[in-house]
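Below: the structure, in structure tokens.
The values are calculated or read from the model by the stated rules, or taken from the named source; none is laboratory data. These numbers come from a predicted model, not from an experiment. Cβ sites come from the backbone with ideal geometry, for glycine too, and all protein chains shown count toward neighbours. Surface accessibility is based on the protein's heavy atoms, side chains included, excluding ligands, DNA and RNA. Shrake-Rupley method; radii C 1.70, N 1.55, O 1.52, S 1.80 Å.
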Amino acid sequence: MKNNQLRKHLNFGPDHRERLAHYKKALGNCGNNVFFDKNIEIMRYPENIYIGNNVVIKEGAKICTCNENAKIHIGDNTTIGYHTFIFASDSITIGNDCLVAPFVYIVDSDHSIEKNALINEQPNINRPINIKADVWLATGAKILKGVTIEQGGVVAAGAVLSSNVAPYQIFAGIPAKKISDRK
């Protein structure tokens, strides 16, 4: 990787090697040169989580396959930022060479809200999320169920994304809308 400021400052010390050994056994796949920072949580069904090579998962991240059928795939050379939540009830795929900034929330489900039933007894509605290669999700972005972000897409800080992003488009706002194209 060329001139990657983040990766050249990672500490692959004894604590990291212990975390890596643990996750290599627990996950469905754990690639080479993966950095698991301290205080991350891989929750519920770790065998349904697949991580590529050269991935960085920063402190406070929570990655959860919420049921035995849910899947999460994180591609090569992708960074998951501090305190980011990735929760799959169906499937979430994050491609190669992506940057997921701190405090990003990626969830592929939400709850039904019919008025004639108690809210806490209503079922989840699940739809897969597909994030292609070379995508940047800026700080605090929220990616909601059923979204596809095509190659090169950018979601601005604080945006709430519930629609698809075409290749190299930039989306911002609440709700997120196209504001530009990458040049």
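Assorted remarks:
- Of all residues in segment 146-174, those that are over 21 Å from ASN96 (Cα atoms) have Cβ atoms under 8 Å from Cβ atoms of residues that are among the polar types (S, T, N, Q) and surrounded by 15 or more Cβ atoms within 10 Å (Cβ to Cβ), 6 or more apart or on another chain, in GLY158/THR139.
- Each residue in segment 129-144 was checked for being without any contact (Cβ under 8 Å) to a residue 40 or more places away in the chain and not in a strand (DSSP E or B), and 5 of them qualify.
- All of ILE179, ILE170, ILE174 fail the test of being aliphatic (A, V, I, L, M), open to solvent by 80 Å² or more (accessible area, probe 1.4 Å) and either in contact with a Lys or Arg (Cβ under 7 Å, 6 or more places away or on another chain) or in a loop (DSSP other than H, G, I, E, B) (or both), apart from ILE174.
- Filter pass, ASN69 being at pLDDT 95 or above, crowded, with 19+ Cβ neighbours inside 10 Å and outside any strand (DSSP E or B): no
- Within segment 72-84, considering residues that are part of a strand (DSSP E or B) and either of a type in the set (S, T, N, Q) or open to solvent by 70 Å² or more (accessible area, probe 1.4 Å) (or both), the one farthest from ILE42 (Cα to Cα): THR79
- VAL154 falls short on exactly one of the conditions (1) more than 27 Å from PHE35 (Cβ to Cβ); (2) touching a Phe, Trp or Tyr at 6+ places or on another chain (Cβ under 7 Å), and that condition is (1).
- Qualifying residue in segment 14-22 (condition: more than 17 Å from ALA133 (Cβ to Cβ), open to solvent by 30 Å² or more (accessible area, probe 1.4 Å) and in contact with a Pro (Cβ under 9 Å, 6 or more places away or on another chain)): no
- Taking the criterion of being under 14 Å from LYS178 (Cα atoms), surrounded by fewer than 20 Cβ atoms within 10 Å (Cβ to Cβ) and touching a Leu at 6+ places or on another chain (Cβ under 8 Å), the residues of segment 126-162 that qualify are VAL160, SER162.
- Filter result for ASN48 (surrounded by fewer than 18 Cβ atoms within 10 Å (Cβ to Cβ), among the polar types (S, T, N, Q) and modelled with pLDDT of 95 or more): no
- Scanning segment 23-38 for residues that are open to solvent by 40 Å² or more (accessible area, probe 1.4 Å) and under 12 Å from ILE57 (Cα atoms) returns ASN33, LYS38.
- Annotation: of all residues in segment 94-123 being open to solvent by 70 Å² or more (accessible area, probe 1.4 Å) and not in a loop (DSSP other than H, G, I, E, B), the one that is farthest from ILE170 (Cα to Cα) is GLU121.
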